[in-house]
Amino acid sequence: MEKIAIGVDIGTTQTKAVAFNEDGTVRTTAYVRYPLIQETEGMAEQEVDQIFQAVITCIKQVITNVQPHKISLISFSTAMHGLIVMDKNNQPLTRVITWADNRAEKYAEELKDTALGQTIYQNTGLPMHPMTPFHKIRWLKEEMPEIYDQAAKFIGMKEYLFYQLFDQYITDISTASGTGFLNIHDLTWDKQALSDMGVKEDQLPTLVKPTHQLTKLKAHWKELLGLSEETVFVLGGADGPLSNLGLGAITKGTATLTVGTSGALRYTVEQPYTHPQAETFCCVLDENHWVIGGATSNGAGIFDWACETLLKEVQTNACESLRNPYDAVMDLVKETPVGAKGLMFHPYLLGERAPLWDAEATGSFVGLKRNHDDKIMMRAVVEGICLNLKRILTELEELGGTVNEIRATGGFADSEVFKKVMADVFGYPLSLTESIEASALGAVILGWQSLGVILDLETACEQVEIYEVIEPNRENHQVYQQIYPLYITTQQQLSASYHQLAKLRADLE
């Protein structure tokens, strides 16, 4: 009887468990959503137990769905940069402080343009930004000393899960590379980062390989989940690097693009690379592969904002006619000229990670004239999202070499217009894959490697199937090549005012 492998993807808004057949096809899935808690300015937290229960529920559901098949392995992907503080009795002192929490912004900014900040970036591969536990711990130390002083362990959600299931504080080097404490060159906890933050090595989990196995699941959970002694738990890795693996982008020349609410471009390389101006990240996939890239906070979520703000009536009419409201908006965008009649949009409504790494960045229309109507403004928004991602792509090519193909996934791939604009802006083919569960599949591929089912990651990636290729329109690409330098210049000029604008907003509020 065929054995099933389960990939568990612990994300920011939901946990998903995906059961895979031995050929990598999906047999069944289960997911549980949970809210983001935002009670004060900059807060972005989640309940620890709520996520833990979501993981257990999802695993149990897919196991039930695939019975009587045996489960060979369960491997894990997790969202990066989350922090939980544990006390000496192994109880959480905080919720999960997620990557989206910006309350450590002041402390990240203090290090951003310093020699120490540059050293820590070169060692850890993560720019100075409040998303990382490195800065979150500094914020807790300075502003919540009653929590910091009780801290016995600083962990993330995956580490909490494995402690509950196996009584061990362990983490894989891939997930650890999202903390700001892992040295990406020697794959150990970085002494400079530990020293600067006053964190002891025994306050962090034990480091293991992504293929590390655990088999002695606590009896209670084994019975609840209906698992046998034969099922192996594998640590897996972080969601970004595992998405590259699941999309088959493991060899030189193939980058990945994901555009959902936010967006990311990633490129797998065979040694760690950091950017001279700290504009990209470098995270670990495994001992032989690193992933360089940039994650933008401003993806399709900005498109949603623009639809509601600029073309709400179009959306309302579409709904009344039983049409998809986004399709109605994009039909209008399709009719507008390439380049939006010289109107540009910088999409930094949510601050920005890559390429700016500035939580106070703001959005702007540049070049607005009376002949620019709401449809042209909508076109500029779509193009602005794509141009911002092109800047990240350009930085990755300078570090890791020329890109020949971009494998794309995410909600934007449902729109023909969005896909075409993206390909035209980049000037590269966009290959759309069947691997919509890329991070979960990436976790399972590591699990298969751990069990010896596959010998290397490159062989496993050959199974990934491409169902559509979007070729760029060369004439349109030339237009965007003309726009791009001006887009970068105006962004750099506007960035000098971001902090003054933030102070103005605070004064007016």
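Of all the residues that make up region 439-482, how many are touching a Gly at 6+ places or on another chain (Cβ under 6 Å), within 21 Å of Tyr428 (Cα to Cα) and open to solvent by 30 Å² or more (accessible area, probe 1.4 Å)?
Total meeting the criteria: 1.
Looking only at region 195-205, decide whether some residue is assigned to a helix (DSSP H, G or I), in contact with a Phe, Trp or Tyr (Cβ under 7 Å, 6 or more places away or on another chain), of a type outside the set (Asp, Glu) and open to solvent by 10 Å² or more (accessible area, probe 1.4 Å).
As a first pass, look at region 195-205 and keep what is assigned to a helix (DSSP H, G or I): 195-197, 201-203.
Next, only the ones that are in contact with a Phe, Trp or Tyr (Cβ under 7 Å, 6 or more places away or on another chain) stay: 197, 201, 203.
With the extra rule that they be of a type outside the set (Asp, Glu), the set shrinks to 197, 203.
Filter once more, so that each one left must be open to solvent by 10 Å² or more (accessible area, probe 1.4 Å): 203.
For region 195-205, residues assigned to a helix (DSSP H, G or I), in contact with a Phe, Trp or Tyr (Cβ under 7 Å, 6 or more places away or on another chain), of a type outside the set (Asp, Glu) and open to solvent by 10 Å² or more (accessible area, probe 1.4 Å): present.
Being over 22 Å from Asn473 (Cβ atoms) and over 30 Å from the mean Cα position of the chain (by Cα) is the filter here; which residues of region 308-348 pass it?
Hits for region 308-348 are Glu313, Val314, Thr316, Asn317, Ala318, Cys319, Glu320, Ser321, Leu322, Arg323.
Suppose the filter is open to solvent by 10 Å² or more (accessible area, probe 1.4 Å) and over 24 Å from Phe52 (Cβ atoms); does His212 pass it?
no
What do you reckon, is Glu287 open to solvent by 20 Å² or more (accessible area, probe 1.4 Å), farther than 30 Å from Thr274 by Cα and more than 18 Å from the chain's Cα centre (by Cα)? Walk me through how you get there before you give the answer.
Values: open to solvent by 20 Å² or more (accessible area, probe 1.4 Å): yes; farther than 30 Å from Thr274 by Cα: no; more than 18 Å from the chain's Cα centre (by Cα): yes.
Answer is no for this residue.
For Asp414, work out the one condition from (1) crowded, with 16+ Cβ neighbours inside 10 Å; (2) closer than 25 Å to Gly240 by Cα it doesn't fulfil.
Every listed condition holds for Asp414 apart from (1).
Is it fair to say Ile84 is without any contact (Cβ under 8 Å) to a residue 60 or more places away in the chain, hydrophobic (A, V, I, L, M, F, W, C) and within 23 Å of Gly240 (Cβ to Cβ)?
Against the criterion (without any contact (Cβ under 8 Å) to a residue 60 or more places away in the chain, hydrophobic (A, V, I, L, M, F, W, C) and within 23 Å of Gly240 (Cβ to Cβ)), Ile84 does not qualify.
Among the residues of region 240-247, is any more than 16 Å from Leu285 (Cβ to Cβ) and either touching a residue at least 24 places away in the same chain (Cβ under 8 Å) or not in a loop (DSSP other than H, G, I, E, B) (or both)?
Taking every residue of region 240-247 in turn, none turns out to be more than 16 Å from Leu285 (Cβ to Cβ) and either touching a residue at least 24 places away in the same chain (Cβ under 8 Å) or not in a loop (DSSP other than H, G, I, E, B) (or both).
Quick check on this structure: which one of Thr268, Thr254, Thr274 is open to solvent by less than 20 Å² (accessible area, probe 1.4 Å), of a type in the set (Val, Ile, Thr) and touching a residue at least 60 places away in the same chain (Cβ under 8 Å)?
So the residue among Thr268, Thr254, Thr274 that is open to solvent by less than 20 Å² (accessible area, probe 1.4 Å), of a type in the set (Val, Ile, Thr) and touching a residue at least 60 places away in the same chain (Cβ under 8 Å) is Thr254.
For Ile385, are the conditions met, namely being at negative phi and at pLDDT 95 or above?
Against the criterion (at negative phi and at pLDDT 95 or above), Ile385 qualifies.
Going through Ile385, Ile302, Ile376 one at a time, which residue ends up being within 20 Å of the chain's Cα centre (by Cα) and closer than 20 Å to Asn473 by Cβ?
Being within 20 Å of the chain's Cα centre (by Cα) and closer than 20 Å to Asn473 by Cβ holds for just one of Ile385, Ile302, Ile376, which is Ile385.
Consider region 204-234. How many of its residues are out of contact with any Leu (no Cβ under 9 Å at 6 or more places or on another chain) and touching a residue at least 24 places away in the same chain (Cβ under 8 Å)?
7
Looking only at region 44-62, decide whether some residue is among the small types (Gly, Ala, Ser) and under 26 Å from Gln150 (Cβ atoms).
yes
Kindly indicate whether any position in region 181-194 is part of a helix (DSSP H, G or I), in contact (Cβ under 8 Å) with a residue 12 or more places away in the chain and under 27 Å from Ile56 (Cβ atoms).
no
Would you check if Pro92 is touching a Phe, Trp or Tyr at 6+ places or on another chain (Cβ under 6 Å) and either among the β-branched types (Val, Ile, Thr) or in contact (Cβ under 8 Å) with a residue 40 or more places away in the chain (or both)? Write out each step before concluding.
Details: touching a Phe, Trp or Tyr at 6+ places or on another chain (Cβ under 6 Å): no; either among the β-branched types (Val, Ile, Thr) or in contact (Cβ under 8 Å) with a residue 40 or more places away in the chain (or both): yes.
Taking the combined requirement at face value, the residue does not satisfy it.
Every residue in region 175-186 that is within 21 Å of the chain's Cα centre (by Cα) and open to solvent by 10 Å² or more (accessible area, probe 1.4 Å), please.
Scanning region 175-186 gives Thr175, Thr179, Asn183.
The values are calculated or read from the model by the stated rules, or taken from the named source; none is laboratory data. From a predicted model like this one, the values you see are computed outputs, not experimental measurements. Here Cβ is always computed from backbone atoms with ideal geometry, including for glycine, and neighbour counts include all displayed protein chains. For the accessible areas, the whole protein counts, side chains as well, though only heavy atoms, and no ligand, DNA or RNA atoms are used. Shrake-Rupley method; radii C 1.70, N 1.55, O 1.52, S 1.80 Å.
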